[in-house]
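Asker: One structure, pasted below without further comment.
The values are calculated or read from the model by the stated rules, or taken from the named source; none is laboratory data. Everything quoted here is computed from the prediction, not taken from an experiment. Positions of Cβ are backbone-derived with ideal geometry, glycine not excepted, and every protein chain shown enters the neighbour counts.
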């Protein structure tokens, strides 16, 4: 038992002081043979899985030669986002926010291009120029959806940058960073967008010159389910990554806040006692 307690203290030399459970000031001291467990919040891994599922759907569309000019960069962006989510789940590295923001802004540009030019193929001279006339046909509805999608990706990337820049913003006893709440709302806006795409392709385009395949419509509806899971994951993380105890602004400022589950970083009584003398003073007004 004594060895186990000592191992816990040695493994985490700088455990966050009591009252700052979401502030992970840890210096891993891993010995040989130690199996590293994920340090980040479990919801990061869940969103990594949902983003991987989105990439699989995009790969299927690419295999069927559907809008390659826009789907290929979309696949790259989804793979980068999924990789950064897995990395942040395992390593708890805040820099992954920026890694995910880059493809999010990239997809914003892709959606704007889709709204302006539509499905063009530069390698085919007969359809290599922007199709501006689509705004005067039944395709105008889908061009508007592309504009909304571009705004959505821009807001998602902006939220990730703000989360990286202000890691303690909105962190409370029961809730995590406020950007988790905002991103959950941004993410869930993808449900009506994909629903409108799928229903519009059935109601507006069927029987016309721009009719889409059944596979493409099915993918639109499947994305609604995946987006709902990702939004629920963000909401769950916001509700479960609080500090666990009342803290002062001084305590939050002195610690580095990471996206972790507050239940995973509760120090042992021995570790708390060994650091109680180093704990910053908490004002009576906060308590």
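Asker: Being surrounded by 15 or more Cβ atoms within 10 Å (Cβ to Cβ), out of contact with any helix residue (DSSP H, G or I) (no Cβ under 6 Å at 6 or more places or on another chain) and modelled with pLDDT of 85 or more narrows it down to one residue among 95, 119; which is it?
Answerer: 119
Asker: Would you pick out the residues in region 212-231 that are part of a helix (DSSP H, G or I) and without any contact (Cβ under 8 Å) to a residue 40 or more places away in the chain? Quick ask: steps written out before the conclusion?
Answerer: Residues of region 212-231 that are part of a helix (DSSP H, G or I), as a first pass: 214-231.
Scanning region 212-231 gives 214, 217, 218, 220, 221, 224, 225.
Asker: With 265, 226 as the choices, which residue is within 20 Å of the chain's Cα centre (by Cα) and either surrounded by 15 or more Cβ atoms within 10 Å (Cβ to Cβ) or modelled with pLDDT under 60 (or both)?
Answerer: Being within 20 Å of the chain's Cα centre (by Cα) and either surrounded by 15 or more Cβ atoms within 10 Å (Cβ to Cβ) or modelled with pLDDT under 60 (or both) holds for just one of 265, 226, which is 226.
Asker: Tell me, yes or no, whether region 134-155 has at least one residue that is surrounded by 15 or more Cβ atoms within 10 Å (Cβ to Cβ), at pLDDT below 95 and in a helix (DSSP H, G or I).
Answerer: Among the residues of region 134-155, at least one is surrounded by 15 or more Cβ atoms within 10 Å (Cβ to Cβ), at pLDDT below 95 and in a helix (DSSP H, G or I), which makes the answer yes.
Asker: I need the full set of residues from region 175-211 which are crowded, with 20+ Cβ neighbours inside 10 Å and in a loop (DSSP other than H, G, I, E, B), in order please.
Answerer: Listed by number, the residues that qualify are 176, 177.
Asker: Here is a list: 219, 257, 247. Which entry is at pLDDT below 85, within 21 Å of the chain's Cα centre (by Cα) and surrounded by 13 or more Cβ atoms within 10 Å (Cβ to Cβ)?
Answerer: 257
Asker: Name the pairs whose Cβ atoms lie under 7 Å apart, with the first residue in region 77-91 and at negative phi and without any contact (Cβ under 8 Å) to a residue 24 or more places away in the chain, the second surrounded by 20 or more Cβ atoms within 10 Å (Cβ to Cβ) and in a helix (DSSP H, G or I), and 6 or more positions between them or separate chains?
Answerer: Here the result reads 80/103; 84/96; 84/100; 87/96, each pair linking region 77-91 to a residue that is surrounded by 20 or more Cβ atoms within 10 Å (Cβ to Cβ) and in a helix (DSSP H, G or I).
Quick grid of which residues meet (1) modelled with pLDDT of 95 or more; (2) surrounded by 18 or more Cβ atoms within 10 Å (Cβ to Cβ):
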site: 71; (1), (2): yes, yes
site: 86; (1), (2): yes, yes
site: 90; (1), (2): yes, no
site: 101; (1), (2): yes, yes
site: 112; (1), (2): yes, no
site: 124; (1), (2): no, no
site: 130; (1), (2): no, no
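Asker: Within region 28-43, is even one residue touching a helix residue (DSSP H, G or I) at 6+ places or on another chain (Cβ under 6 Å), surrounded by fewer than 18 Cβ atoms within 10 Å (Cβ to Cβ), modelled with pLDDT of 95 or more and closer than 27 Å to residue 164 by Cβ?
Answerer: no
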